[in-house]
Structures are given as structure tokens and as C-alpha cells.
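*Asks:* I have a structure here, written as C-alpha cells, and I will follow up with some questions on it.
The values are calculated or read from the model by the stated rules, or taken from the named source; none is laboratory data. If you're wondering where the values come from, they're calculated on a predicted model, not measured in any experiment. Glycine also receives a Cβ, built like all others from the backbone with ideal geometry; neighbour counts cover every protein chain displayed.
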Amino acid sequence: MKVVIIGGVAGGASTATRLRRVDETAQIVMFDRGDYVSYANCGLPYYIGGAISERKKLFVQTANNFSNQFNVDVRLNAEVTDIDLKAKKVTVRTAEKTYEESYDKLVVSTGAEPIKPPFPGINDPRIFSLRNVDDTDKIKDYIDAKKPKRAVVIGGGFIGLEMAENLTEAGVETCVVDIADQVMVPLDFTMAAIVHRHLKQKKVGLMLQEEVTGFAPQGDKLKVLLKSQKELAADMVVLSIGVRPEAALAKKAGLALGLLGGITVDEYMQTSDSSVYALGDVVEVFNPVIQKHVLIPLAGPANKQARIVADNLAFGNQYKYSGTIGTSVAKVFDLTVAAAGVNSKVLDREKIPYITSFTHPNSHATYYPGAKPISIAIHFSPKDGRLLGAQVVGQAGADKRLDLLAQVIKNGGTIYDLQEIEHAYAPPYSAAKDPVNMAGFVAENILHGKVKVIHWWQLKDLNPETSQLIDVRTPGEVSAGLIPGAINIPIGELRKRLDEVPKNKKLVLNCGVGLRSYNAARMLILNGFENVYNLSGGYTTYAAVTKKQSSDKPFASD
Ligand code: FAD
């Protein structure tokens, strides 16, 4: 069997090595139009920022290694320009020649390309995007040679924020511009607000709801032009407004594409042509939460799909890919920002009913030094408690919590499963009731009507004539801020001061994060108060979302 692979990085390279491990006789030819195979795309921003100091560390494998160790015929600087499905051959263009290569089976792992809209001035050499080693070298060389003072990062997604951090680490003052009212699309606004605050603390400028319309040189600077008529003068720009599947080759060949422009594959990762498999960023994957095909360009799925493709090539279609729920994580300075499943925007769009709960438990037992709050948002079905989405923002331990939540989502589990997660506990690592258990307990309280929740965005609809906000924190805590209209009755005094609580009003209780106010709500309910609500996420959530989200000025040193 002769297998030709197009694309030699995450999906392609992993397919080649797995295939060799299960089939010693297959002839494997792998094309990549770039200079390198199997490099660490995910590490590229950290080489720019200096956390990865040696460039050679970016290369997981070399072409030589592939050839010696895996007997894979790697052809670099070789672009596949055509696929002839009928004749089962590809056309390959190199600097020297154009030639054809036949195949028995073809694997397409051409990835996704950064979106680069035709803005006026887009070809200015100071505008960069980041996909591969060449892009990385260009950015790194520019920073080393020109010592830019200021950068504008357009797009506050994972790569944009990783670049904002790494440019800052490289000594470049950075401003992030985004057309949306928040960064990090997988998050809900409520969770993104925590990231906004952190970026500003780290002196990264944040310009939200700002649309870039073009670029123009101004002296030795480059102006970023915004629809709002504002202009940002910078020394360099990193464009990271998203990627799209690199599917033109597949489309030209006649392979079926999905509605979102990715290659259509079945559960065996087989395309509309039975001799062709495809994987990675170029394919549309099934998302079991919304039961639809989506684009989820991440390294984990690409690598796992590679094993399935290789095994199906070697043994016939036996292995199925179960889909992707979009489990992702990013480091944003001191924060870990992670999500799995779907967020409220997707649930609204898909008209899937859901309940949301915010909790802010501590990373580990508070009596052991160093505990930090972790913010958790979960969305679950009001019908059966099925977990639909989870987001975690925090420091130590945030990633492991998201991973636990992700497994429950992936396995079609519920908030009851969260309660039963058996975690490893010792005070430096967790609490006897882990944050994911707590998220499950709170969700069950909501689902079973032990308490009614209200969210920060619903507070504006409260009528002061018929409702009363009660903050049950201590006066010391309240002195730093109180929701307008709230009265303060600390929980320790509430039993004695029940006569101050209006009987005929809707009561909305809050504390710092929602736990004490839940206790207070139960106390009121058991004392005969009926219309009692707990503010989900408490004052912590409220304070994060109601502040101005953008920076006052794009560059902190102005
Ligand atoms: P790629 O790895 O992009 O490989 C595609 C290859 O195909 C490219 O080398 C391309 O040159 C080649 N190619 C395309 N067309 C042709 C052709 N016609 N002929 C020959 N060669 C061709 N994901 C995570 O999960 N976590 C992260 O932290 C993370 N960080 C990232 C950071 C950056 C800066 C980038 C760019 C991506 C990051 N990703 C991350 C995404 C992850 O790298 C991709 O999801 C993954 O690489 C996809 O694998 P792939 O094989 O589909 O495509």
C-alpha cells in the first residue's frame, strides 16, 4: 500500500508515525510545502516571548529522523497543487519541477490558514500573522532587529492573547483590539470579564467593540485605523482574527465540503472519496453536545484523529472518531483560561434550553497557604442536568478542573456526575469537596429548587418597589463596593434581624461568591420567606462584569 500524506505537521506527521508503527511495509510519502515537519505550532508564541529560549526545541522531529527512524519519504518545500481522485495521483510543485505522485490511499492534513481580510494597507511588512516557523522567525527577527516599542494585536482569541503576553514579555507594549465586546470566544462575557481585568493589570491595553478598517504608514509608525475614527500608532501589528480550513485543494479535487468550508468526513475520518482520509484543522468534526458538525482547530483532536486514520488505513475502517467538544486551554499571563462544550451564545443560537451557574471556589483548602479563587461557569440542561458546557478561569489547578468537567461533558454526563467525581485530596491540592464537586452541588440546589438563582444581567429588570437586594457580607467587605440599592445585613446577624427583611418583596441575596448568600437564602426560606433568590457568582461576578471592560487608553504608558 502506498500512502501519500499532504501536510507534515500535527495531523500529517502523527498519521505517518502511527502508520509506520502498525505497518512496516506501507510506502509512506509525506509532502509539506514548508521547510519543516512536525514542529510545535503551539509553542511558537513562547519562543517569541523567550519562555522557549532555543529555537531547536520547536522541532519535535526532523525530516532526517522521519526517514531514518520511520522510513517515511518526507518531501519538503513540495506543494501539492492538484489531486486527481480518479487517477489516484497528486501533482506536486517544487522550486525545481512539477511532477505527479500516485497513491493507493491519500491523507489530507492541510490545516487552517489565518484569515487576512483585504484591508487597505494589509501588505505592510510590519503586519504579521502567526501560523508556522517562518512567521515566527519573521516576528522574532523583527523584534530583535527593530526593537519595536508598541504592538497592536488584532483579535483577542487564544493566539492573539498568547501573543499579547509574549510580546509584553519581549518588552513590547501591547494593545489588543477586538470587534466583539469580549476576548476569548469560547467564554461567556461573564468569564471573559475576569480576563479583561487581568490583561489591564498586566498593562496590556484593551480596545473592545472596535473594528479595524485598515492601516496607513505615519512617519516611522504604522497607524491602525478603526471604524470609530480612532487611530493607534504602533511599530508592529499581529493579525490573529481567526483561521479558516485550508480546503481549496480538496474542493478543487471534488471532495465534499461541509457548510462551514471544512472537508466532510465520516466517523472513520474518510472523505467523500473512499481512498481519501482527512483530519485536523481542515475537517469539520461532529460536536456531540449540539449534534452538529463544526470547525474546532486544535492540536489534540488532530493528533487523536491521526491515530484513527493510520489504524483505519492499516486495518480497514474499524476505528471511529467520537467527535470533539472543543476542550481548550490558554495561559494568559498568570491566568489559566479554559473551556469545554458550548457557551451560552451557542446554546442560545441552537435554541437549547440551559441553566447557568457561576461559582468561585478556592483552588485548595484555604488554611493551607497560597489558595486562589477559581471561577467556574457551567451550563446544564434543566430537564436532566446534562452538562453542556464549562468554563474555568483561575490560577493553580484551573486546568485540571476544566479537564474533569470536560470528561463529564464528553461522556454525556450530568451535574450529578460532578458531585460524585472522586478526586485526589490533600490540602495543598484541593479541598475535601473539590471545586468541581461544589459546582455540581450548587447546580443540584438550583435544579431541585433548593434555591432560586438570579444572574447579574437580570438585576436591571428588578423593580425596587417589589424587590430588595440584601448583601450578607461583612461591613468590611461591603466597604469596597455594594450593588446599588442593596442593604447590608451580615449573615451572622441575619437571624436576629429578620424583622428588617421585607416579607412581601422578592429578595435577592448576595455575598462574595454565592455560598454565604445561599446559606442566608436557606435561612430565610426556612423562616417562611418565599420569594428568595441567590445572586449567582455573588459580588465577585457582579464587580467583574459591571466595570468598564476596555482600557482608558490603548497603551498604558500614554
Ligand atoms: P497543521 O499542523 O497546520 O499542518 C498543516 C501543514 O500542511 C502545514 O505545514 C502546511 O504548510 C501544509 N500544507 C497545507 N497545504 C499544503 C499543500 N497543498 N501541499 C503541501 N503542504 C501543505 N492547538 C491547541 O490545541 N493548543 C494550543 O496551545 C495551540 N496553540 C497554537 C498556537 C499557534 C501559534 C498556532 C498557529 C496554532 C495553535 N494550535 C493550538 C492549533 C494547532 O496547532 C492546530 O490545531 C494543529 O496544528 C492542526 O494540525 P493540522 O495537521 O490540521 O494542521
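*Asks:* Hey, could you check region 1-24 for residues that are charged (D, E, K, R) and in contact with a strand residue (DSSP E or B) (Cβ under 7 Å, 6 or more places away or on another chain) and say which is nearest to GLU246 (Cα to Cα)? Give the derivation first.
*Replies:* Taking region 1-24 as the starting set, the residues that turn out to be charged (D, E, K, R) are 2, 18, 20-21, 23-24.
Now narrow it down to the ones that are in contact with a strand residue (DSSP E or B) (Cβ under 7 Å, 6 or more places away or on another chain): 2, 20.
Values: LYS2: 24, ARG20: 26 Å.
Among residues in region 1-24 that are charged (D, E, K, R) and in contact with a strand residue (DSSP E or B) (Cβ under 7 Å, 6 or more places away or on another chain), the one nearest to GLU246 (Cα to Cα) is LYS2.
*Asks:* Please verify whether VAL4 is more than 10 Å from the ligand (Cβ to nearest atom) and under 29 Å from LEU85 (Cβ atoms), treating the condition exactly as stated.
*Replies:* Details: more than 10 Å from the ligand (Cβ to nearest atom): yes; under 29 Å from LEU85 (Cβ atoms): yes.
It is true that VAL4 is more than 10 Å from the ligand (Cβ to nearest atom) and under 29 Å from LEU85 (Cβ atoms).
*Asks:* Let me ask another. Pull out all pairs, ordered by first then second residue, where Cβ-Cβ is under 9 Å, the residues are six or more apart or on different chains, the first lies in region 435-458 and is of a type in the set (Asp, Glu), and the second is not in a loop (DSSP other than H, G, I, E, B).
*Replies:* The qualifying pairs are GLU444/ILE415; GLU444/TYR416; GLU444/LEU418; GLU444/GLN419.
*Asks:* While we're looking at this one, here's another question. So, of the residues in region 153-167 that are farther than 14 Å from ILE127 by Cβ and part of a loop (DSSP other than H, G, I, E, B), which turns out to be farthest from the ligand (Cβ to nearest atom)?
*Replies:* Filtering first and then ranking leaves GLY156.
*Asks:* Further, regarding this structure: Check off (1) over 23 Å from GLU113 (Cα atoms); (2) away from the ligand (no atom under 13 Å from the Cβ); (3) surrounded by fewer than 24 Cβ atoms within 10 Å (Cβ to Cβ) for ARG55 and give me the number that stays unchecked.
*Replies:* The failed condition is (1).
*Asks:* Condition check: on the phi < 0 side of the Ramachandran plot, of a type in the set (Lys, Arg) and in a strand (DSSP E or B). Does ARG197 satisfy that?
*Replies:* No: the conditions fail for ARG197.
Residues are listed down the side, and each one gets a yes or a no for (1) under 21 Å from GLY514 (Cα atoms); (2) aliphatic (A, V, I, L, M):
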site: GLY323; (1), (2): no, no
site: GLY341; (1), (2): no, no
site: VAL346; (1), (2): no, yes
site: PHE358; (1), (2): yes, no
site: ALA390; (1), (2): yes, yes
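*Asks:* Does ASP384 satisfy the condition of being in a loop (DSSP other than H, G, I, E, B) and in contact (Cβ under 8 Å) with a residue 24 or more places away in the chain?
*Replies:* Yes: the conditions hold for ASP384.
*Asks:* Could you check region 25-51 and list, in sequence order, the residues that are surrounded by fewer than 17 Cβ atoms within 10 Å (Cβ to Cβ) and more than 10 Å from the ligand (Cβ to nearest atom)?
*Replies:* If the condition is that a residue be surrounded by fewer than 17 Cβ atoms within 10 Å (Cβ to Cβ) and more than 10 Å from the ligand (Cβ to nearest atom), then THR25, GLN27, GLY50, ALA51 are the ones that fit.
*Asks:* Please verify whether ALA170 is within 16 Å of the ligand (Cβ to nearest atom), within 30 Å of GLY7 (Cβ to Cβ) and either under 18 Å from the mean Cα position of the chain (by Cα) or at pLDDT below 95 (or both), treating the condition exactly as stated.
*Replies:* For ALA170, the condition - within 16 Å of the ligand (Cβ to nearest atom), within 30 Å of GLY7 (Cβ to Cβ) and either under 18 Å from the mean Cα position of the chain (by Cα) or at pLDDT below 95 (or both) - is met.
*Asks:* What are the residues in region 107-128 that are closer than 22 Å to VAL212 by Cα, more than 9 Å from the ligand (Cβ to nearest atom) and in contact (Cβ under 8 Å) with a residue 24 or more places away in the chain, if any?
*Replies:* ILE115, LYS116, PRO117, PHE119, PRO120, GLY121, ILE122, ASP124, ARG126, ILE127, PHE128
*Asks:* Let me ask something additional. What number of residues within region 268-283 satisfy the criterion of being within 12 Å of VAL309 (Cβ to Cβ) and away from the ligand (no atom under 16 Å from the Cβ)?
*Replies:* Residues flagged as within 12 Å of VAL309 (Cβ to Cβ) and away from the ligand (no atom under 16 Å from the Cβ) within region 268-283 amount to 2.
*Asks:* Given the options VAL22, VAL72, name the one that is modelled with pLDDT of 95 or more, crowded, with 19+ Cβ neighbours inside 10 Å and more than 9 Å from the ligand (Cβ to nearest atom).
*Replies:* VAL72
*Asks:* When only residues in region 138-148 that are free of Cβ contacts under 8 Å to residues at least 12 places away in the same chain and of a type outside the set (Lys, Arg) count, which is farthest from the ligand (Cβ to nearest atom)?
*Replies:* Here the answer is ALA145.
*Asks:* Is it the case, given these coordinates, that LYS223 is farther than 24 Å from SER550 by Cα, crowded, with 17+ Cβ neighbours inside 10 Å, of a type in the set (Lys, Arg) and more than 21 Å from the chain's Cα centre (by Cα)? Please lay out each step first, then the result.
*Replies:* Values: farther than 24 Å from SER550 by Cα: no; crowded, with 17+ Cβ neighbours inside 10 Å: yes; of a type in the set (Lys, Arg): yes; more than 21 Å from the chain's Cα centre (by Cα): yes.
No; evaluated as a whole, the condition is false for this residue.
*Asks:* Let me ask something else. Quick check on region 258-295: of everything there that is more than 20 Å from ALA406 (Cβ to Cβ) and free of Cβ contacts under 8 Å to residues at least 12 places away in the same chain, which residue is surrounded by the fewest Cβ atoms within 10 Å (Cβ to Cβ)?
*Replies:* Going through the qualifying residues, I end up with SER274.
*Asks:* Among the residues of region 205-250, count how many are among the β-branched types (Val, Ile, Thr) and part of a loop (DSSP other than H, G, I, E, B).
*Replies:* 1
*Asks:* Of the residues ALA390, ALA426, only one is buried (at least 24 other Cβ atoms within 10 Å of the Cβ) and not in a helix (DSSP H, G or I); which?
*Replies:* Unique residue meeting the criteria: ALA390.
*Asks:* While we're on this one: Within region 327-366, can you find the residues that are farther than 29 Å from THR168 by Cβ, under 16 Å from the mean Cα position of the chain (by Cα) and outside any loop (DSSP other than H, G, I, E, B)?
*Replies:* Residues of region 327-366 farther than 29 Å from THR168 by Cβ: 341-342, 344, 346-357, 359, 361, 365-366.
Imposing the further condition that a residue be under 16 Å from the mean Cα position of the chain (by Cα) reduces the set to 341-342, 344, 346.
GLY341, SER344, VAL346, listed by residue number.
*Asks:* Something else about it: For region 91-143, which residues satisfy the criterion of being hydrophobic (A, V, I, L, M, F, W, C) and crowded, with 16+ Cβ neighbours inside 10 Å?
*Replies:* Within region 91-143, VAL92, LEU106, VAL107, VAL108, ALA112, PHE119, ILE127, PHE128, LEU130, VAL133, ILE139, ILE143 qualify.
*Asks:* Quick test of your reading of the structure: GLY205 fulfils all but one of (1) over 30 Å from PRO148 (Cα atoms); (2) of a type in the set (Gly, Ala, Ser); (3) in contact (Cβ under 8 Å) with a residue 24 or more places away in the chain. Name the failing condition by number.
*Replies:* So GLY205 meets the others, but not (1).
*Asks:* Going through region 284-330 one residue at a time, which ones are of a type in the set (Ser, Thr, Tyr) and within 14 Å of the ligand (Cβ to nearest atom)?
*Replies:* TYR321, THR324, THR327, SER328, listed by residue number.
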